Amino acid sequence: MAGTFTYTPDAVLTQAIRYNTLITNTTYGEERRRNKWANPKRQFSLQYNNVSGITASGITSFFRSKQNWESFSWTNPIDNTAYTVRFTENSIKRDYIGEDRYNMNVSLVEVL
């Protein structure tokens, strides 16, 4: 892990918890389940509204530096907890809204 994502979002739109469950059906029609992970992964969707071109470029540069596989630290402003995460998506988009202002959404997933 290298680096810390320090850009505070306007909103954390989604906080989800994901399990990786193995489901097996027996010959008698019974369903068996077990977790493949010891702990669930958390997923976050962050929203940035009306940010400056400098901030949008900083977020984009940080995304490029991680190449969508390297993990980093991010502190959730809702619970003030630091998580080790990586970017979920293979691309990042910024919507130009005028006068060097942008809207952006960023998705993160916890790395266990």
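The values are calculated or read from the model by the stated rules, or taken from the named source; none is laboratory data. This is a predicted model, so every value here is computed, not measured. Virtual Cβ from ideal backbone geometry, glycine too; neighbours counted across all protein chains shown.
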Checklist entry - Does segment 67-88 hold any residues that are charged (D, E, K, R), surrounded by fewer than 17 Cβ atoms within 10 Å (Cβ to Cβ) and closer than 18 Å to residue 3 by Cβ, and which are they? => result 70
Checklist entry - Does any residue of segment 10-26 turn out to be polar (S, T, N, Q), out of contact with any Ser or Thr (no Cβ under 6 Å at 6 or more places or on another chain) and in a helix (DSSP H, G or I)? => result no
Item to check | Candidate set: segment 89-112, residues that are within 20 Å of residue 37 (Cβ to Cβ) and surrounded by 13 or more Cβ atoms within 10 Å (Cβ to Cβ); chosen: the one nearest to the chain's Cα centre (by Cα) | outcome: 108
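Please find, among 34, 42, 64, the residue that is in a strand (DSSP E or B), modelled with pLDDT of 90 or more and of a type in the set (D, E, K, R). Can you show your working first?
Details: 34 fails: modelled with pLDDT of 90 or more; 64 fails: in a strand (DSSP E or B).
Checking each option against the conditions leaves just 42.
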Item to check | Filter result for residue 101 (closer than 17 Å to residue 9 by Cβ, among the charged types (D, E, K, R) and without any contact (Cβ under 8 Å) to a residue 40 or more places away in the chain) | outcome: no
Checklist entry - Quick one: in segment 67-76, which of the residues that are part of a strand (DSSP E or B) and aromatic (Phe, Trp, Tyr) is nearest to residue 91 (Cα to Cα)? => result 72
Next on the checklist: I'm trying to understand the selection: among the residues of segment 38-50, which are surrounded by fewer than 13 Cβ atoms within 10 Å (Cβ to Cβ) and of a type outside the set (S, T, N, Q)?
Outcome noted: 38
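For residues in segment 51-66 being surrounded by fewer than 12 Cβ atoms within 10 Å (Cβ to Cβ) and free of Cβ contacts under 8 Å to residues at least 60 places away in the same chain, which is farthest from residue 103 (Cα to Cα)?
The extreme case among them is 64.
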Item to check | Candidates 79, 95 - the one that is assigned to a loop (DSSP other than H, G, I, E, B), free of Cβ contacts under 8 Å to residues at least 12 places away in the same chain and acidic (Asp, Glu) | outcome: 79
